[in-house]
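Below is one structure, written out as structure tokens; the observations come after it.
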Amino acid sequence: MSKRIYYTLLLVWIVCLSLYFIWQIWDIYWVIKICLSILIVLACGFLWYQNQFWFRKQSAASLYNVPKSQRIILVAGDDISDWIESSERWRLLRDSMWIRVEDCAQLISIYQNLDEQNKIANGIFLILNPDKYPHVAALEQRISQWRQEIETIQASYKRCLPLTLGIHTDLLNENLDYWPENNSNQLCRERTDVQEYFSCLQKQLDSRAALNARQPEHLDYTTTSTLYLNQQWLSKYVIKNLLPEKSYRHSLYMMSCVWLNSFNTNQQADWRKFEIEKTGFVSPVHTFIVNGLKNFPVIENSFVRQHYLSKGAKYLCYAIDSFLLFILIGTGYSFVENKKWLQEVIAAHQQYIAIPQHLENERLDSIKNLKIIQQTLQDYKTFGEPRRMGFGLYHATELLPVINKDINSFQMEKQKKQIIRLDTTALFDVGQSQLKADAKLVLQGVLTWVQANPNKRVLIDGHTDNTGNAASNKTLSFHRAEAVRDWLVSASTFPEDHFTVQGYGDSKPIATNDDPQGRSKNRRVEITLVDMNHTD
């Protein structure tokens, strides 16, 4: 996928996610939502137009609107003008498009321009003319540069760019434009693969040399010897700079090798010296003029055609990718929201069960919070959870029975225990356990309440603040509870065992003891009606 398409998809996703958060997540006025939506769409549309304009401007002078063909082959290396006009960027031949690459520095930019147009170069035809390099070191450096550029393309685009090597040489046969005429392909990624490929070519040479001299396919001894020496020279100086001993991830894919008959020789070139050293034969100096452009060897069939998907299939892939990306983002967001909600529900439950039973005000506040959560959970169960918690990840409904149990248990406790809390200031003097003379006015209401519930046991608990000694406070609270019990027994028909008395001192405060108001609340007598089978 090209950078231009990545950029377009990025803008589309920015628009989609922005609109989703504006309309589904943000709690703002709908007028503001509309204004923000229009602003985001216009901004992304402007950025997309700028990117398209820049791309067309960059490509217009080179390969924009390249005609479609069956195959696209890049032609690089030496003497390209013999094959493609200097004023042209490409040449159409045999239903294939041959694109010239002047220098290895241009290779990546040309490949990128083609990729931006959804066109793929199926291979590269690298032409080398050893006569142009008086020293082998210069040729080796040039080959290494081409190899690095091709490997960079394969690594960047995750796509194969196979190579066919063309070597200029004097085949000493004016009727032969190139050899082999029928190219046999063998994928070579290591140097040992090339040796196997050259062995196959040598068998072809031997079979052609063994033919009758009158047959047109016959190759004479000088031509076969030249080709054989060329193979040795290639293995020694060229192949070692193209292919590694052991292939790696982005190493080259060499498909074949073609010898091009140049009819010209440069006796000063290193490779001619190699030929003379091996054979002692000096090639004759002659010039053969070729009228017009040379025809490319028939090598296009050796390149497996690579192409983009059809527009319909491509758009389908985009739609699937977009859908999967949306699901991924939505699922991730839903996971975070569900986790926060579950933690809130669990924290409310744990807070309630951690509060001691005698801290009724705190328990009541916790129950109020649980009731809000209960209503929210019930609404989600009835009407469906919010979109931000969707994508099949919502499981908080499973905690609804737990919350219901907490609330029901609190209500049952309230129903089971009916409590009246009396301020000891109205009943006793400070530090005393004898009832005041007017205490019966306060206790008369309690007596009426107790008599209205004859089937309930009566618990009378005395409590003090933390002023003074804890032991004496406990004793004082117990005696005060006894005083209240004795008055209720004397004023009613209930036996003494109908009442249970307990003194807690300052061990169960319902407020802070740090201020007078709190201490006043803690000095109390609590009268509770419970079922007969209740034990406390």
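The values are calculated or read from the model by the stated rules, or taken from the named source; none is laboratory data. Please read these numbers as outputs of a predicted model, since none were measured by experiment. We place every Cβ from the backbone using ideal geometry, glycine too, and count neighbours over all the protein chains shown.
Within the range 239-281, if we keep just the residues that are at pLDDT 65 or above and among the polar types (S, T, N, Q), the residue that is farthest from L187 (Cα to Cα) turns out to be S262. Checking the condition farther than 13 Å from I72 by Cα, out of contact with any Gly (no Cβ under 8 Å at 6 or more places or on another chain) and either surrounded by fewer than 17 Cβ atoms within 10 Å (Cβ to Cβ) or modelled with pLDDT under 85 (or both), which residue from L171, L93, L107, L165 passes? Just one listed residue meets the conditions, L171.
In this structure, does R485 turn out to be crowded, with 16+ Cβ neighbours inside 10 Å, touching a His at 6+ places or on another chain (Cβ under 8 Å) and either in the same structural domain as A439 (by TED's automatic domain parsing) or not basic (K, R) (or both)? Break it down stepwise before answering.
Numbers: crowded, with 16+ Cβ neighbours inside 10 Å: yes; touching a His at 6+ places or on another chain (Cβ under 8 Å): no; either in the same structural domain as A439 (by TED's automatic domain parsing) or not basic (K, R) (or both): yes.
Against the criterion (crowded, with 16+ Cβ neighbours inside 10 Å, touching a His at 6+ places or on another chain (Cβ under 8 Å) and either in the same structural domain as A439 (by TED's automatic domain parsing) or not basic (K, R) (or both)), R485 does not qualify.
Out of Q434, Q444, which single residue is modelled with pLDDT of 85 or more, under 24 Å from S507 (Cβ atoms), out of contact with any His (no Cβ under 8 Å at 6 or more places or on another chain) and in the same structural domain as A511 (by TED's automatic domain parsing)? Working first, answer last.
Values: Q444 fails: under 24 Å from S507 (Cβ atoms).
Result of the check over Q434, Q444: Q434.
Put simply, of E385, E344 the only residue that is outside any helix (DSSP H, G or I) and within 37 Å of the chain's Cα centre (by Cα) is E385. Inside the range 186-200, can you point out the residues that are free of Cβ contacts under 8 Å to residues at least 24 places away in the same chain and of a type in the set (D, E)? Matches in the range 186-200: E196 only.
Return the residues of the range 117-140 that are under 24 Å from W83 (Cα atoms) and assigned to a helix (DSSP H, G or I); say none if nothing qualifies.
As a first pass, look at the range 117-140 and keep what is under 24 Å from W83 (Cα atoms): 119-134, 138-140.
Answer for the range 117-140, where residues must be under 24 Å from W83 (Cα atoms) and assigned to a helix (DSSP H, G or I): P130, D131, K132, A138, L139, E140.
If only one of L211, L165, L171 is in a loop (DSSP other than H, G, I, E, B) and either touching a residue at least 60 places away in the same chain (Cβ under 8 Å) or over 21 Å from Y228 (Cα atoms) (or both), which one is it?
Details: L211 fails: either touching a residue at least 60 places away in the same chain (Cβ under 8 Å) or over 21 Å from Y228 (Cα atoms) (or both); L165 fails: in a loop (DSSP other than H, G, I, E, B).
None of the others qualify; the one that does is L171.
Quick check: is even one residue across the range 136-146 within 37 Å of the chain's Cα centre (by Cα), surrounded by 17 or more Cβ atoms within 10 Å (Cβ to Cβ) and in contact (Cβ under 8 Å) with a residue 60 or more places away in the chain? Checked the range 136-146: at least one residue is within 37 Å of the chain's Cα centre (by Cα), surrounded by 17 or more Cβ atoms within 10 Å (Cβ to Cβ) and in contact (Cβ under 8 Å) with a residue 60 or more places away in the chain. Annotation: R519 fulfils all but one of (1) modelled with pLDDT of 90 or more; (2) within 18 Å of D423 (Cα to Cα); (3) out of contact with any helix residue (DSSP H, G or I) (no Cβ under 6 Å at 6 or more places or on another chain); the unmet one is (1). Return yes or no: is E300 crowded, with 18+ Cβ neighbours inside 10 Å and either modelled with pLDDT under 80 or of a type outside the set (A, V, I, L, M, F, W, C) (or both)? Yes, satisfied.
For the criterion of being within 23 Å of K508 (Cα to Cα), at pLDDT below 85 and out of contact with any Gly (no Cβ under 9 Å at 6 or more places or on another chain), L324 fails. Of all residues in the range 492-514, those that are surrounded by fewer than 18 Cβ atoms within 10 Å (Cβ to Cβ) and either farther than 21 Å from Q357 by Cα or touching a Pro at 6+ places or on another chain (Cβ under 9 Å) (or both) total 9.
Scanning the range 151-181 for residues that are touching a Ser or Thr at 6+ places or on another chain (Cβ under 7 Å) and within 19 Å of E300 (Cβ to Cβ) yields a total of 1. For the range 193-231, the set of residues classified as within 57 Å of the chain's Cα centre (by Cα), surrounded by 14 or more Cβ atoms within 10 Å (Cβ to Cβ) and closer than 23 Å to D177 by Cβ consists of Y197, F198, L201, Q202, Q204, L205, L227, Y228, L229, N230, Q231, listed by residue number. Check the range 365-378 and report whether any residue there is crowded, with 17+ Cβ neighbours inside 10 Å, farther than 22 Å from N338 by Cβ and touching a residue at least 24 places away in the same chain (Cβ under 8 Å). Yes, the range 365-378 contains at least one residue that is crowded, with 17+ Cβ neighbours inside 10 Å, farther than 22 Å from N338 by Cβ and touching a residue at least 24 places away in the same chain (Cβ under 8 Å).
Hey, could you check the range 16-45 for residues that are without any contact (Cβ under 8 Å) to a residue 60 or more places away in the chain and not hydrophobic (A, V, I, L, M, F, W, C) and say which is surrounded by the fewest Cβ atoms within 10 Å (Cβ to Cβ)? First the steps, then the outcome.
Initial filter on the range 16-45 (without any contact (Cβ under 8 Å) to a residue 60 or more places away in the chain): 18-23, 26-45.
Next, from what is left, pick out any that are not hydrophobic (A, V, I, L, M, F, W, C): 18, 20, 27, 29, 33, 37, 45.
Working: S18: 17, Y20: 16, D27: 4, Y29: 9, K33: 14, S37: 15, G45: 12.
Applying the filter and picking the extreme gives D27.
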